[in-house]
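Right, one structure below, let's go through it.
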Amino acid sequence: VVNITTSSSSVVKGECLRDTILTVQSMCCDAIVMRHPIEGAAVYAADVAKPVIINAGDGAHAHPSQGFLDMFTLREKGLKDLKGKKMVILGDILYSRVARTNIVAWNKMGADIHVAGPRPLMPYAVESLGVTYHKRIEEAIEGADVIDVLRIQLERQKSGLFPSPREYARIFGLNEARLKLAKPDCVVLHPGPMNRGLEISWDVGYCDQAAIRDEVQNGVAVRMALLFLTLTGGKQIEAAN
């Protein structure tokens, strides 16, 4: 495994993405796991490179492996069929690749998806993504089967997208009282790291309904499986059967 970060690569010297990909390819690698700040970078890399390209996040567009591990975690929790289930995503939809990935996946599974958060943290025409937008978190959470709490990206808040962290926690934070509005067996997800006391309270982060540690553990297995399937095409599995 060769780990290459932007700060220690030739990117800081002006190297373009195409040349970076071709340089890595010249190391005779079998796969490139790639995280990039620009949307569509992974698709571009796949057109340029011969090795397998695995998208580990491209800007605010997509985070496929997080979507897979969230689906696997929900399956472990007994939610094998998401059709008609009320799935709620709270927080920063605008900048979240996790939100977009789960919205696509859950829509394909026939789920009923609801989102809530400050309007400035919602994409333009958010309803066109196949979700129902709520101004009040309580309306979104009521009767929920799953609540996916997104990290508030404090590094972006210099833009003044909401008044203050305290104000956000008071109006949109998931706390124990609000969680009681959901179904008793509602599963709470969070892609991590958590800003405790901001988007999620301390008690909810540690409650029995929280599957956050399960997500971390399942992330290892799911990404191992992803590498295996993309590198072998599942041929060894077919041979075993």
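Structure notes:
- Taken over segment 87-138, the criterion of being within 13 Å of the chain's Cα centre (by Cα), in a loop (DSSP other than H, G, I, E, B) and not aromatic (Phe, Trp, Tyr) is satisfied by Gly91, Asp92, Ile93, Leu94, Ser96.
- Here Phe68, Phe72 are screened, and the one residue that is surrounded by fewer than 18 Cβ atoms within 10 Å (Cβ to Cβ), under 28 Å from His36 (Cβ atoms) and either among the acidic types (Asp, Glu) or in contact (Cβ under 8 Å) with a residue 60 or more places away in the chain (or both) is Phe72.
- Of Gly192, Gly117, Gly143, all but one fail to be within 17 Å of Val98 (Cα to Cα) and surrounded by fewer than 19 Cβ atoms within 10 Å (Cβ to Cβ); the exception is Gly192.
- Single match in Leu69, Leu74 (criterion: of a type in the set (A, V, I, L, M, F, W, C) and either part of a strand (DSSP E or B) or in contact with a helix residue (DSSP H, G or I) (Cβ under 8 Å, 6 or more places away or on another chain) (or both)): Leu69
- Top-ranked residue of segment 195-220 - restricted to ones that are charged (D, E, K, R) and surrounded by 20 or more Cβ atoms within 10 Å (Cβ to Cβ), ranked as farthest from Leu174 (Cα to Cα): Glu215
- Residue among Ala111, Ala46, Ala105, Ala42 that alone is among the aliphatic types (A, V, I, L, M), assigned by TED's automatic domain parsing to the domain that holds Ile200 and out of contact with any helix residue (DSSP H, G or I) (no Cβ under 8 Å at 6 or more places or on another chain): Ala111
- Residue selected from segment 4-44 under the condition in a loop (DSSP other than H, G, I, E, B) and acidic (Asp, Glu), by the criterion farthest from Pro64 (Cα to Cα): Glu15
- Against the test of being under 27 Å from Leu154 (Cβ atoms) and either out of contact with any Leu (no Cβ under 6 Å at 6 or more places or on another chain) or at pLDDT below 95 (or both), the options Asn218, Asn195 yield a single qualifying residue, Asn195.
- Checked against (1) closer than 18 Å to Asp203 by Cα; (2) among the basic types (Lys, Arg); (3) at pLDDT 95 or above, Arg166 passes all but condition (3).
- Leu174 being in contact (Cβ under 8 Å) with a residue 60 or more places away in the chain and under 19 Å from Ile152 (Cα atoms): yes
The values are calculated or read from the model by the stated rules, or taken from the named source; none is laboratory data. Keep in mind the model is a prediction, meaning the values are calculated, not measured. Reconstructed Cβ throughout: ideal geometry from the backbone, glycine too, with neighbour counts over all protein chains shown.
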